[in-house]
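Student: Attaching a single structure in structure tokens format; questions to follow.
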Amino acid sequence: MKNLHFLFQFFSKARIRASKGSLRINYQASASAYRRFLIGAAAALILTVSALSGCSPAPKDPISSSQFMLDTFVTVTLYDTQDEEILKNCFQKIRHYEDIFSTTIDTSEVYRLNHRTADQTEFDLSDDTAALLAEAIRYSEVSDGDYDVTVEPLSSLWNFSGGRKDLPDDGEIREAVSKVDYKNIRLEGNHLTFLSPDTTIDLGSIAKGYIADRLKDDLTAQGVKSAIINLGGNVLCIGQKGKDPFKIGLQKPFADRSETFAALRINDQSVVSSGVYERNFFVDGKNYHHILNPKSGYPYDNGLINVTIVSDRSVDGDALSTTCFSMGLERGMELINRMDGVYGYFLTDDYVVHYTDGAKDLVEQVDLPEEKK
């Protein structure tokens with residue numbers, strides 16, 4: 001806890017400049033909520049970016065900035081430009097999307113949808129909300145509801161993002177489950193229709209990926225060819241670092257944050273993980289985590305403890321890491337193997353790593369047993 005408190009003080013709105021083996025850090029204190037930081041920090045530590053290692057130096061000294069946004073710790077690092085204005089604009093863009101997709105900011109579009117009156121059933125959405133919701137509906141359909149965009153009644157009840165540490169009542173869970181069914185929303189273009197007054201949506205399991213993709217679009221349009229966007233553990237790499245790929249470490253579950261079970265070589269791709277050791281609590285020795293089964297109302301208990309997805313689009317990785325975790329090892333791996341340019345790493349509770357087709361080619365090292373074929 002003390003270490004996380006130090007990180008909170010050190011990194012809140014920190015501005016970091018790396019120069020030939022040294023780091024120059026300009027620090028400004030932030031008033032961000034400490035409790036929310038602790039929750040977000042757990043998620044942010046799932047992936048470790050080892051971008052400063054490697055043999056080939058980047059063409060220029062990188063610049064980096066970190067802030068607490070999206071209920072987590074986010075960092076953007078630019079390797080081939082020192083334009084501070086570009087960096088500043090990234091965080092303005094992140095805040096813009098948070099103000100649209102948040103379920104708790106009372107002026108956001110999603111909040112207004114979820115707090116509509118009983119007679120309000122049809123809405124014309126903004127382009128971004130419509131595009132993101134369409135992706136979420138698609139993955140709800142692919143998983144046959146094991147992943148469900150209308151899980152909001154359950155996620156609000158369990159309230160992992162708010163730091164809840166006790167079990168909801170069975171009756172409360174059953175009531176919330178009765179309100180969850182992605183088939184109760186219909187999206188045609190930008191036009192959304194709610195078929196049930198009890199239906200509410202939660203885009204939190206997919207929004208960071210969408211935001212990262214939009215940031216990449218903006219950065220590449222401005223000529224940036226080497227960067228890392230890290231939105232609380234959702235990592236999107238633009239290009240590579242000099243002549244070398246970026247190295248992304250996957251945190252070993254329930255271990256010190258510096259311990260990794262694998263290192264991946266990533267070039268212009270996204271890496272997203274979902275695991276049972278973030279946003280979780282224990283009751284009577286049982287782990288209750290934030291990946292909720294929309295059909296039972298309780299966290300999934302299917303033998304998986306981590307799913308990591310490498311993909312070109314971060315929105316796919318964000319959605320698939322949760323979707324594949326929800327579908328379980330066999331169905332999740334089958335889904336990834338049907339997709340082009342997507343790779344999966346499934347870590348089971350016996351600490352064995354299972355690879356989808358081609359996934360092992362990206363691995364630089366692995367420190368856990370691998371599936372025997």
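No value in this document is a laboratory result; all are computed from the given coordinates. As the structure is a computational prediction, the values presented were derived from the model and not from experiment. Reconstructed Cβ throughout: ideal geometry from the backbone, glycine too, with neighbour counts over all protein chains shown.
Student: Could you give the length gained by full extension between D367 and D119, i.e. 0.36 nm per residue of separation minus their alpha carbon distance, to one decimal place? List each step's numbers first, then the result.
Tutor: Values: separation 248, 0.36 × 248 = 89.28 nm, distance 5.60 nm.
This chain segment gains 83.7 nm when fully extended.
Student: What is the magnitude of the charge dipole of region 196-269 about its Cα centre, with +1 placed on the Cβ of each Lys and Arg, -1 on the Cβ of each Asp and Glu, and no other charges, expressed in debye to the nearest 20?
Tutor: Working: 10 positive and 9 negative charges, 90 e Å.
Here the size comes out at about 440 debye.
Student: If you place +1 on the Cβ of every Lys and Arg and -1 on the Cβ of every Asp and Glu, how big does the dipole about the Cα centre of region 68-225 come out, in debye to the nearest 20?
Tutor: Working: 16 positive and 32 negative charges, 56 e Å.
My answer is approximately 260 debye.
Student: Something else now. Measure out, as a whole number of angstrom, how far apart the alpha-carbon centroids of region 61-124 and region 236-312 sit.
Tutor: First find each Cα centre; the distance between them is then 22 Å.
Student: Let me ask something else about it. Radius of gyration and Dmax for region 238-307's Cα atoms, expressed in Å?
Tutor: In order Rg, Dmax, the Cα atoms of region 238-307 give 15.6, 50 Å.
Student: From a point 7 Å beyond the Cα of D357 in the direction of its Cβ, which residues of region 312-337 have a backbone N at a distance under 11 Å?
Tutor: Taking a point 7 Å out along Cα→Cβ of D357, the residues of region 312-337 whose backbone N falls under 11 Å are 334-337.
Student: Further, regarding this structure: When ranked by the protection proxy of mean other Cβ atoms within 10 Å per residue, highest first, what sequence do the peptides 321-327, 221-227 form? It would help to have the intermediate numbers written out before the result.
Tutor: Working: 321-327: 27.0, 221-227: 16.7.
Put in order of decreasing packing, that is 321-327, 221-227.
Student: Length gain on complete extension for the stretch K286 to D268, per 0.36 nm per residue less the alpha carbon to alpha carbon distance?
Tutor: Values: separation 18, 0.36 × 18 = 6.48 nm, distance 3.86 nm.
This chain segment gains 2.6 nm when fully extended.
Student: I would also like to ask the following. So if each residue of separation counts as 0.36 nm, and I subtract the Cα-Cα distance between K165 and N184, what length gain in nm does that give? Intermediate results must be reported in sequence, preceding the final value.
Tutor: Values: separation 19, 0.36 × 19 = 6.84 nm, distance 3.06 nm.
Taking 0.36 nm per residue and subtracting the Cα distance, the gain is 3.8 nm.
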